[in-house]
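The block underneath contains the structure these notes are about, expressed in structure tokens.
Rule-based calculations on the coordinates, nothing more; no lab input. Keep in mind it's a predicted model, so treat the numbers as computed, not measured. Positions of Cβ are generated from backbone atoms using ideal geometry, with glycine treated the same way; all protein chains shown enter the neighbour counts.
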Amino acid sequence: MVGLLAACGNESDTDANPAGQVQVDRAEPDSDLPDSPFGRLLSWSAPTADRVWAVTTAEKTCASCAALWSYAPGSTRGWKRVHTFAEPAEAGQDDGYGPFPPVSATSLVMAPDGLHGWFRWDTDGILATEDGGRSWRHLPSPQDPDERATGEIAVHEDHLYLVLLAQCESDECPNTVWRTGLGESEWTEVTPEGSEGIFELSASDAGLWAEDLGTGAVHTSRDGADWERTPLGRFGGLCLPADGTPDVLAAACQTSDQGEPGGEVEVSEDRGRTWRTIHSTPRNVEAVVAGPKGHFLVLAGGQGVLISDGTTSKVPSTGGLHEWSGRFIDEQTIYLGGPRGLFATRDGGRTWDNLISKKRVG
């Protein structure tokens, strides 16, 4: 039985293309850039319990540059700088205090093998690595190899999925979904039939979930070959799907359509046919992450909580509503990250360790 959770709330180029390799253009070299200090956390990825990756600000003299770091929790070596990304062709936005890197909380996606990974500039397309982040190349668009791929990315069962952003603003050309194997060269379109616009991807043990503008959520567990549309509870379009597990699907729901604060986290264990409320708040629910065995991370009104078997406890404040992200390795090992830090617990949330405070090497 599958469950659903919903929350509601207001180097040089090469001509070679070895078999089994994704053909991409190499990004600008970064050999002239100095090593990076460990700066502000921009994005992170924790595909396994024994390796965490982080992208941070890099140089004080380069506002839009970013650096990639790697850390093995429990080791004595600390963080190791893996790569300093060259400045993107287009800088990030200027918030009045100067430009900041065009990087979002979900820009970095590393595969469990520790070799393949992808990094998305919001202004300059997606980069790909096949050597654990030491070198990166621009990932070409599935529709035009001369163009750089842009859009949301997710990894599920040895496949990379891409929501390719439409190149026009008309409803007649919605975003499309594509799939390729890790290290493979061929793309396959797997856009859900009848989709009105896919905008978000979420990969978990339950399969691949996507947010569809028309129906709320679609789900596949067969490499995108078949998609199942899932209703999102009594709040309908006011709910957004969250990461799922084999047993539970969750959604974040807005309890008022009049712009007033207030939200609930809804859970389904029968593919959306029936729902129950596990968390209510006078604040809007901004994000939900579903974990195993009745565990959930919820962000509401900028405050995060961990729900474990019906018991609610606070989690460290990471700051930044749209820069908050979490991941369950299992019910005991959980990662939570944002601008103020990257936290980990190995005892189910009783104690939290700020990994950013660990020593840096390299």
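Could you check the spin-label model distance between D330 and D144? Points 7 Å from the Cα along Cα→Cβ, value in nm.
Those two pseudo-labels are separated by 4.8 nm.
Quick one: pull the percentage of alpha-carbon pairs in region 49-155 with a separation above 25 Å.
Working: 1238 of 5671 pairs.
The proportion of pairs with Cα distances above 25 Å equals 22 percent.
Can you figure out the FRET efficiency of E193 with R273, using R₀ = 22 Å and their beta-carbon distance, to the nearest 0.05?
E between E193 and R273, to the nearest 0.05, is 0.55.
Once R0 is set to 30 Å, what does the formula 1/(1 + (r/R0)^6) return for the Cβ-Cβ distance between A72 and E186, expressed as a FRET efficiency to the nearest 0.05?
Between A72 and E186 the formula returns 0.30.
Working out 0.36 nm times the residue gap between R283 and E90, then minus their Cα-Cα distance, what length gain in nm do you get to one decimal? If you can, show how the numbers build up before the last one.
Values: separation 193, 0.36 × 193 = 69.48 nm, distance 3.62 nm.
Gain on stretching R283 to E90: 65.9 nm.
With no solvent and one point per C-alpha, what does the Debye sum give as log10 I(q)/I(0) for region 262-362 at q = 0.11, 0.13, 0.21 Å⁻¹?
Debye output, listed in q order: -0.34, -0.46, -1.10.
Report the FRET efficiency, 1/(1 + (r/R0)^6), for D353 and D309, where r is their Cβ-Cβ distance and R0 is 30 Å, rounded to 0.05.
My answer for the efficiency is 0.85.
Determine, for F85, F199, the number of other Cβ atoms within 10 Å of each Cβ, and report the residues in order from fewest to most.
The order, fewest Cβ neighbours first, is F199, F85.
Where does the Debye-calculated log10 I(q)/I(0) of region 272-325 sit at q = 0.28 Å⁻¹, using only Cα point scatterers of equal weight, no solvent?
Listed by q, the Debye log ratios stand at -1.25.
Largest first, please: the extent of the C-alpha atoms of region 311-357 along each principal axis, to the nearest Å.
Result for region 311-357: principal-axis Cα extents of 24, 24, 16 Å.
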